[in-house]
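Here's the structure we're looking at; comments come further down.
Every read-out reported here was derived from the displayed coordinates using simple, explicitly stated rules and does not represent laboratory data. The model shown is predicted, which means the values in this text are computed figures rather than measured ones. Quick reminder, even Gly has a Cβ in these numbers, built from the backbone with ideal geometry, and neighbours come from all protein chains shown.
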C-alpha cells in the first residue's frame, strides 16, 4: 500500500530543517567569518540557462518555475538579446514547538537567482564569469532542431562546469519542430559532448544520464501546433527534466532546487510517485518525517 502523497510543502519543511542543522554546524565549528559565508551560500542559489539563439531558453525557464518571469514571444526573432537575472525570494517555514504550536525559530530567508543568457553565437566569456562567480546548482544548455551549436564553444562551457562540479543538462528544446533527422543530430552531438567525461551512461525514461556529470534529454516547453498540417503536440518532457536534475544534485543543491520548484504545482502532483520514492531513499530518517510534516507554505515574490 502506497503512503500518502508527498507535497512540496513537506519537502520544503524537511529541507528547511536540514538548512537549520547545516547553519548550526557551520556556526559551531568555524570562525564567524567562515560561518557567515557558509550561511549565505546555503541561503542563495543559482541556475543558468544558455545555448544557441531562438531555442526557447526563456520559455523553458518559465516552464520550470511555472511562473512567467522571462519575456517570450512566438516568432523567428530572438527575445533575450542581453543576459538577464531573475530572482525568486521567500522564507523557509518557521520551526514550531510540536506540543504547543508556538514558533521557536523564524524561517530563514532564501533567494534563487535564474540567469537567462543571450544566445551563444561566438565565444562569450561572460557566461564563464557567471559560472565561476556564482557556482550554480546546474547549467542547462539548450539547442533545438535546426539551430546551430558550435561544439567547440559548448565543449569549453561544459568543461568548465565539469571542473567545478556543476551539473550540466543538455536539452533539445522545441523537439517537435523541424525534422527527425535534425532532432537526432542534436541528441548525438550532445551525447558526444558528455560521454567523454563519464562512461556510466544509462538511459531511463527518455533521459540519458552520465553519472553525476550531466544528462541529455528532449522537451517541448509549451504545446506545439501546426494548423496547416493538422498537428498538435502537448507540452512534454519538462517534468522529467526537472526530476532528472533533482535526483542528480547533492543535498545542498537539492535544497535550492526545491525552492526553485515551489510554485510548480503541476510537477509535484504529476511526478508524485517518483518524488515519494526518491525522498524516501534520499533521506535516511525515512518517510515518516516527510509525510508527518505540518502543512507550511513558502511564498515567493519577484
Inset, instruction - Express in nm, to one decimal, how much length is gained between residue 192 and residue 160 on full extension, taking 0.36 nm for each residue of separation and deducting their alpha carbon distance. - result: 9.9 nm
Legend entry - Calculated FRET efficiency for the pair residue 91/residue 251, C-beta based, R₀ 22 Å, to 0.05: 0.65
